[in-house]
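> The structure's right below; bear with me while I get my questions together.
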Amino acid sequence: MQIVTPSAIIAAVLVAMAPSFGQGTRPDSASMTAEIVKAGAVTLHGVAFVTGTSELEPQSGAVLGEVITLLAAHEEWRFEVQGHTDNAGAASWNLALSEARARVVVAWLTQHGVTASRLVARGYGDAKPIASNETGEGRATNRRIQLKKLNEE
């Protein structure tokens, strides 16, 4: 008989509730690894913050847990944790918010066992959009956390 702990149940619920990764696949470490190998970076779909703050939404833990799995499998990899915003509001506010969000993600990961020297936080504000800021959907796409691989194997 398999014993299921309350934390395992919570983790399963968080994974089930997490937004999909990419085109309909779950945000798992294997998908993230493949994207990093292909493009050198990956967007952490499902990492979300309370609007206008650097406070992580609870569902973010599922995706960040997958990042821990990815980092455990590739101990030689180092990453810049990048915070990005849309263009709503002052550029200086967006830059500060993106930096704070990147620092919060790094703090979460290090609090859960990742060695701090493997991560560096950097905010870009609204300087690197990947979608149009003219629509709500585009602005939502631009608000993101990305991992950019820093070293070569």
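Values in this text are rule-based calculations from the coordinates and carry no lab data. Since the structure is predicted, the reported quantities are computational estimates derived from the model, not experimental observations. Cβ coordinates were reconstructed from backbone atoms using ideal geometry, including for glycine residues, and neighbour counts include every protein chain displayed.
> Could you check the spin-label model distance between residue 35 and residue 111? Points 7 Å from the Cα along Cα→Cβ, value in nm.
That separation, rounded to one decimal, is 2.4 nm.
> Could I have the simple spin-label model distance between residue 73 and residue 87, label points 7 Å from Cα toward Cβ, reported in nm to one decimal?
With each label placed 7 Å out from Cα toward Cβ, I get 3.7 nm.
> Rounded, prolate or oblate for the stretch 75-153? Axes are the square roots of the Cα gyration tensor eigenvalues, ordered a ≥ b ≥ c, and the cut-off for rounded is a/c under 1.5.
Verdict is prolate for the stretch 75-153.
> Take every Cα pair under 8 Å in the stretch 6-149 that's 6+ residues apart, average their separations, divide by the length, and report that relative contact order as a whole percent.
Rounded, it is 27 percent for the stretch 6-149.
> What's the center-to-center distance, using Cα atoms, between the stretch 48-73 and the stretch 93-153 in Å?
11
> Cross-link partners among aspartates and glutamates for residue 149, C-alpha distance below 19 Å, same-chain residues fewer than 8 apart left out?
By straight Cα distance, residue 149 reaches 28, 35, 66, 75, 76, 80, 99.
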